[in-house]
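Engineer: Okay, handing you the structure first.
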Amino acid sequence: MLRLTWRNLLARKVRLLMSTLAIVLGIGFLAGVMTFSTGLNATFDNIVKGSTSDGLVRPAGDIQGANAGVGTTQVITPEDVEALDALPEVEDAVGSVDGIGSFLLGEDGKLVGGQGAPTLAFNYAPTENMAGEQILELTAGGWPSEPGEITLDTSSAERGSYAVGDEVTMIVPSVGETRRTFTLVGTADFNGGGTAGATLVLLDTAEAQEIFLDGQDAFTSVALTAADGVSQAELAAAADAVVPEGFAGVTGDEVVEETQDQIGQFLDVISIFLTTFAVIAIVVGAFIIFNTFSILVSQRVRESALLRALGASKRQVTRSVLIEAFLMSVVGATLGLLLGLGLSRALAGLFRTFGLDIAGEVLTLTPFTIAAGYVTGILVTMVAAFVPARRAAKVPPVAAMRDDLVVQEKGMGRRLLLGSIALVVGVALAAAGLTGAPGTDAIWIGAGAVIWVITTAVLAPVLGKPVLLACRSVFGRVFGTAGRLAGENALRNPRRTGATASALMIGLAVVSAVGVLASSLSATNDKVVDDAFRSDFLVQMPTFQGFPAQYGDRMEDVDGVDLVSRQQGTPVSVEVDGRSDQSFAAGVDPAYFEIYDLTIVEGTEEITGRQALLSEGRAADLGARPGDTIDVSFPGGETIPVEVVGVFEDSPTTGGITVPLSVLEDAGIKRSDSSLSITVEDGADRAAVKQDLEDVVEELPILSVQDKVEFKELISGQVNQLLYVIYGLLALAVIIAVIGIVNTLGLSVLERTREIGLLRAVGLSRRRLRTMITLESVAIALLGAVLGMVLGLVIGVVLRQSLKDDLTELSLPLDNLLVFLVVAVIFGVLAAIVPAIRASRMKVLDAIATE
Amino acid sequence: MTEHTLGEATQGVAASAHDLVKTYGKGEAEVRALDGVTIDLMQGEFTAVMGPSGSGKSTLMHCLAALDTPTSGEAVVDGTSLGKLKDKDLTTLRRERVGFVFQSFNLVPTLTAEENILLPLNLAGRKPDRAWFDQVVDAVGLRPRLGHRPSEMSGGQQQRVACARALVSQPRIVFADEPTGNLDSTSSAEVLGFLRRSVDEFGQTVVMVTHDPVAASYTDRVVFLADGRIVDELRNPDRDQILEKMVGLQDAAAAKAAG
């Protein structure tokens, strides 16, 4: 029996290859994503561990300004560093100046690193990491030893087209001139290898103090190396005892853990995001496998019947098909894993262009990835092949003796009934989600959507009939007999057509649902911007990072400018239900209230000194009302009590906790601006004012001056960028679905060899035969596209409904859907190329003679 | 009647039918393929079932061979009544006690001749009796062809492989459905000669459905069916007797169709 299975596999190489391809692609994607995620984690791990010393003295508090990209004014003096160095537990204490808010420009004047990872600027001082190695290693030249000298990381120097000896330009947040030039004296890298895309800037200590600490002879943190035999905990405790108030000694392990947590969240999001699409691709692949085996089984009715007549039990027949599936899945998963390895390297290459360096040597297949690949591949294939295998076993033995027998299939009645029940369950789940069942709405709706997708796949033969009938009549009218025959062929085996189309349906359902959400998001953004954008111009970084406050000062002097409102944001922590909760505080100046009208629901909008306004949402979280006082902890460790004076309707123009700028200053947050809102004087030439404002920020190209229309475009551009990434990832699922169409068509052609011979014998030309097969393919593709888009629209609309607090506007991307439909037709035509050529090459006589 | 090496075997009944009825379709469209057939098929005998198209001869064989279930009545193979058996037991019965030869050979195209012959034993997980296998292979004269695939053999050779396959598991009864329907006269003679010898030399019981008087003349007994009933029977027939009966039956059928 095993021999028979093996022979069957070999005899049907091409057909199985096509469905193996579905496994290969699905598993390849999964393995690629997993390998890439592992590599990404390893890269960050290496860097974090390789760049952290045994212990660290840094500002106390929950939020580290350096992590949040916010500069703080707390400093530690050289005397404090000496005191630390004198401790018996400490072998070496090195003061560090960590600079926030600087930008490295490339030789072309553009920002190095684009909009991705941050610029880390600090003074160079030799420091050992936890493993006792130097944290930084030179790759060329030397270290900065006097003002005016600079050392960059290798990759940034390359991306900025700088060589040792060149003039390097930076934008720095120091008083006065923001543009500085330095001489590049060397290039260096973290010991752990690479910088993961961050831009590394090393300066002479005195110059770093001059730029980032207004010339104070002081440091922002101290790196500690433990004396022999001293543990990290002992080191941290000893340091903690002598550091000045507002500072704390922590172990290197703690710092590593914090950083890993922080990066881990970001990495998890990437990994879950990518895995989702791998899963979609695999589900689509499962449909293809199911379909291929269904067709193979129906082609082998005679053989199965013969086996049964010769005494094979049902179980033996089922098993022989399943073993076939098993062997196929092993081959598919093996190839898929190899493909995944290649794919992860390609992904790493793609991320490299965004400025995220991932070393090739960490991109290897881990045992876990290999196991996951095989288990998923084998399981999915076996499950998909199970139903066809059972059907093969149900062939009555008497079929071996009859010429005309096909597999008896049950009527559509049971299918329709089960489908309808499932549909109702799906609707009930979604309704439960919408009407406030416990838990997240999206989970209920998601479960409902999954049931709908499966139901639609099961009911595709019934639901698709109108579409196929329409295809038949249109094709017949346009293409004559060949068109009508194509329509008939698509209708002939509704199950097969339905199952093939279902693979495409899933892809398009997700595409359309995402399209609805994206389009609604854009519409909502447009509306929010229309309502809230009250200034004439807005100045912001695309990443919402802070930028030097000097630009605001200079803009106030521009002719025609009426008001410049400054806003500075910072993460803070507040206490909610006894736990510390991260929040966002916006420091605003009085001009803010002249430009924007907050809708006050309680209290007043007048804030001075240590007072705050809360958004309705934040107020509810904190349980605070006007008159209450809340404690706000800032980066750098300061906690400032502020009095709540008013509560406003949630607004995108400010943070949930809105305070005067002075509160941030009191907390030791360095001045910088996150956004500027600018109004022009009546009668001023807006275009000229805008030009003048742009001239102010010319040196920092990513800081842009936008009016309302440009701001809308920026936001919808960001939404679209994400949308295109999602479409790109879904393309894989669609490609697998197209392979499924190729496969089904190829098998159908083989199955109808005799019929095609007959058609050719009675005078159907090769060209019209090709037309016929192409049209059948188009009919399948259209069916999948129409079912998918209708389902996707429904799911998208329901999801939007559940998110209506955030997505206030509903918008259907009808133009996009039209594009999808056209693309589906094109895919249908492409899928038919090979099967059509094969059919048209058959010799008329051979085709008739074939049994 | 020819001499039998296993004299005793002729005494028993290999398979029998009692008042078998098989109908297809319902109501207006109902077709009675078998209309109360009762017959005993004796061990060690070569029996032919003949009749015009649609007389029910194939249906009778399918029901006796446990390939199809009758609407009513009882079919017995080797003392076992088929009516009460579940699919699993029917499978076992087919595997161990029944052999088949089909009109269209029905070999697995991906297996060699030898593998095809051994397939039933393979399915049953039984070890082939090598001596018996050699005897069968030599009897059909296929030794030089054992390594060939069906596509590399002539129709007669393929059917002889099918015959060997039917015999290799030493079934109690072999059913042959128009075994010469797709063969030229030389190949037909080879296959029929082999079936004859399997009865004479090995004491095999063979039941063959055919409409070819020449083929039927190789048998010990011919049973004639018309409209789902047994209408006549011949012992040790010759070709002319058979032809005469068949012409009579066909005329009757034609008259019925015309009337």
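Engineer: What number goes with the only condition from (1) under 26 Å from A:PHE547 (Cβ atoms); (2) in contact (Cβ under 8 Å) with a residue 60 or more places away in the chain that A:VAL709 does not pass?
Structural biologist: (2)
Engineer: In region A:559-577, is there at least one residue being assigned to a helix (DSSP H, G or I) and either closer than 26 Å to A:GLY446 by Cβ or touching a residue at least 60 places away in the same chain (Cβ under 8 Å) (or both)?
Structural biologist: Checked against the condition, which is being assigned to a helix (DSSP H, G or I) and either closer than 26 Å to A:GLY446 by Cβ or touching a residue at least 60 places away in the same chain (Cβ under 8 Å) (or both), region A:559-577 yields no hits at all.
Engineer: Another one. Pull up region A:308-319, narrow it to residues that are crowded, with 24+ Cβ neighbours inside 10 Å and touching a residue at least 60 places away in the same chain (Cβ under 8 Å), then point me to the one that is farthest from the chain's Cα centre (by Cα).
Structural biologist: A:ALA309
Engineer: Out of A:VAL798, A:VAL829, which single residue is aliphatic (A, V, I, L, M), part of a helix (DSSP H, G or I) and either closer than 23 Å to A:ILE756 by Cβ or modelled with pLDDT of 90 or more (or both)?
Structural biologist: Unique residue meeting the criteria: A:VAL829.
Engineer: Could you say which residue among A:PRO701, A:PRO652 is assigned to a loop (DSSP other than H, G, I, E, B), farther than 30 Å from A:ARG58 by Cα and touching a Lys or Arg at 6+ places or on another chain (Cβ under 6 Å)?
Structural biologist: Of the residues listed, the single one that is assigned to a loop (DSSP other than H, G, I, E, B), farther than 30 Å from A:ARG58 by Cα and touching a Lys or Arg at 6+ places or on another chain (Cβ under 6 Å) is A:PRO701.
Engineer: Restricting to region B:108-120, what's the tally of residues that are in a helix (DSSP H, G or I) and either touching a residue at least 60 places away in the same chain (Cβ under 8 Å) or more than 9 Å from chain A (Cβ to nearest Cβ) (or both)?
Structural biologist: Number satisfying all stated conditions: 5.
Engineer: Looking at (1) of a type outside the set (Phe, Trp, Tyr); (2) more than 30 Å from B:VAL108 (Cα to Cα); (3) in a helix (DSSP H, G or I), which one does A:VAL250 not meet, given that it meets all the others?
Structural biologist: With respect to (1) of a type outside the set (Phe, Trp, Tyr); (2) more than 30 Å from B:VAL108 (Cα to Cα); (3) in a helix (DSSP H, G or I), A:VAL250 is out only on (3).
Engineer: Out of A:ALA667, A:ALA591, which single residue is over 36 Å from the mean Cα position of the chain (by Cα), crowded, with 17+ Cβ neighbours inside 10 Å and closer than 21 Å to A:GLY552 by Cβ?
Structural biologist: Matching residue, one of A:ALA667, A:ALA591: A:ALA591.
Engineer: Within region A:438-497, take every residue that is closer than 16 Å to A:THR774 by Cβ and of a type in the set (Ser, Thr, Tyr) and give me the one that is farthest from the chain's Cα centre (by Cα).
Structural biologist: Looking at the filtered set, the residue picked out is A:THR481.
Engineer: Still on this structure: So if I check each of A:THR658, A:THR653, which one is under 13 Å from A:ALA586 (Cβ atoms), in the same structural domain as A:GLY587 (by TED's automatic domain parsing) and in contact with a helix residue (DSSP H, G or I) (Cβ under 7 Å, 6 or more places away or on another chain)?
Structural biologist: Only one candidate passes the filter, namely A:THR653.
Engineer: Something else about it: Here are some conditions: (1) surrounded by fewer than 22 Cβ atoms within 10 Å (Cβ to Cβ); (2) more than 21 Å from the chain's Cα centre (by Cα); (3) in a helix (DSSP H, G or I); (4) in contact (Cβ under 8 Å) with a residue 40 or more places away in the chain. A:MET505 meets all but one. Which one does it not meet?
Structural biologist: (1)
Engineer: Further, regarding this structure: Considering every residue within region B:34-47, establish whether at least one is surrounded by fewer than 22 Cβ atoms within 10 Å (Cβ to Cβ) and within 8 Å of chain A (Cβ to nearest Cβ).
Structural biologist: no
Engineer: Sort out which residues of region A:704-734 are β-branched (Val, Ile, Thr) and part of a helix (DSSP H, G or I), and write them in order of number.
Structural biologist: A:VAL709, A:ILE715, A:VAL719, A:VAL725, A:ILE726, A:VAL734
Engineer: Another one. Could you tell me which numbered condition B:VAL137 fails, if it satisfies all but one of (1) assigned to a loop (DSSP other than H, G, I, E, B); (2) of a type outside the set (D, E, K, R); (3) more than 12 Å from chain A (Cβ to nearest Cβ)?
Structural biologist: In the conditions (1) assigned to a loop (DSSP other than H, G, I, E, B); (2) of a type outside the set (D, E, K, R); (3) more than 12 Å from chain A (Cβ to nearest Cβ), B:VAL137 misses (1) alone.
Engineer: In region B:61-105, which residues are more than 9 Å from chain A (Cβ to nearest Cβ), over 23 Å from B:GLY12 (Cβ atoms) and without any contact (Cβ under 8 Å) to a residue 12 or more places away in the chain?
Structural biologist: The one that is more than 9 Å from chain A (Cβ to nearest Cβ), over 23 Å from B:GLY12 (Cβ atoms) and without any contact (Cβ under 8 Å) to a residue 12 or more places away in the chain: B:LYS86.
Engineer: Among the residues of region A:294-310, how many are basic (Lys, Arg) and within 9 Å of chain B (Cβ to nearest Cβ)?
Structural biologist: 2
Engineer: May I pose another question? Does A:GLU324 fit the bill of being within 14 Å of chain B (Cβ to nearest Cβ), within 30 Å of A:THR497 (Cα to Cα) and free of Cβ contacts under 8 Å to residues at least 12 places away in the same chain?
Structural biologist: no
Engineer: Kindly establish whether A:THR119 is out of contact with any Gly (no Cβ under 6 Å at 6 or more places or on another chain) and at pLDDT 85 or above.
Structural biologist: No, not satisfied.
Engineer: Right, next: If you go through region B:168-204 one residue at a time, how many are hydrophobic (A, V, I, L, M, F, W, C), within 12 Å of the chain's Cα centre (by Cα) and under 16 Å from B:ASP138 (Cβ atoms)?
Structural biologist: So the answer is 1.
Engineer: Quickly run through region A:526-551 and pick out the residues that are over 25 Å from the mean Cα position of the chain (by Cα) and part of a strand (DSSP E or B).
Structural biologist: A:PHE537, A:LEU538, A:VAL539, A:PHE547
Engineer: So which residues in region B:226-259 are surrounded by fewer than 16 Cβ atoms within 10 Å (Cβ to Cβ) and touching a Ser or Thr at 6+ places or on another chain (Cβ under 7 Å)?
Structural biologist: Within region B:226-259, B:ASP238, B:ARG239 meet the criteria.
Engineer: What tally of residues in region B:211-259 results from selecting those that are assigned to a strand (DSSP E or B) and in contact with a strand residue (DSSP E or B) (Cβ under 8 Å, 6 or more places away or on another chain)?
Structural biologist: So the count comes out to 12.
Engineer: Among (1) within 30 Å of A:SER502 (Cβ to Cβ); (2) not assigned by TED's automatic domain parsing to the domain that holds A:VAL778, which single condition is A:ARG671 missing?
Structural biologist: For A:ARG671, the failing item is (1).
Engineer: Looking at (1) surrounded by fewer than 22 Cβ atoms within 10 Å (Cβ to Cβ); (2) hydroxyl-bearing (Ser, Thr, Tyr); (3) not in a strand (DSSP E or B), can you tell me which one A:SER155 breaks?
Structural biologist: (1)
Engineer: Test A:LEU104 against the criterion of being surrounded by 21 or more Cβ atoms within 10 Å (Cβ to Cβ) and more than 22 Å from A:GLU207 (Cα to Cα), and give yes or no.
Structural biologist: When the stated conditions are applied, A:LEU104 does not pass them.
Engineer: May I pose another question? Do we find a residue being crowded, with 18+ Cβ neighbours inside 10 Å, polar (S, T, N, Q) and either within 14 Å of chain B (Cβ to nearest Cβ) or touching an Asp or Glu at 6+ places or on another chain (Cβ under 7 Å) (or both) anywhere in region A:278-293?
Structural biologist: no
Engineer: Of these, A:VAL462, A:VAL453, which one is among the β-branched types (Val, Ile, Thr), more than 26 Å from A:VAL514 (Cβ to Cβ) and part of a helix (DSSP H, G or I)?
Structural biologist: Matching residue, one of A:VAL462, A:VAL453: A:VAL462.
Engineer: Here is a further query. Looking at region B:55-73 only, could you name the residues that are on the phi > 0 side of the Ramachandran plot and not in a loop (DSSP other than H, G, I, E, B)?
Structural biologist: Selection gives B:GLY73 alone.
The values are calculated or read from the model by the stated rules, or taken from the named source; none is laboratory data. Every value quoted in this text rests on a predicted model; they were computed, and no experiment measured them. Every residue, glycine among them, receives a Cβ derived from its backbone with ideal geometry; neighbour counts consider all protein chains shown.
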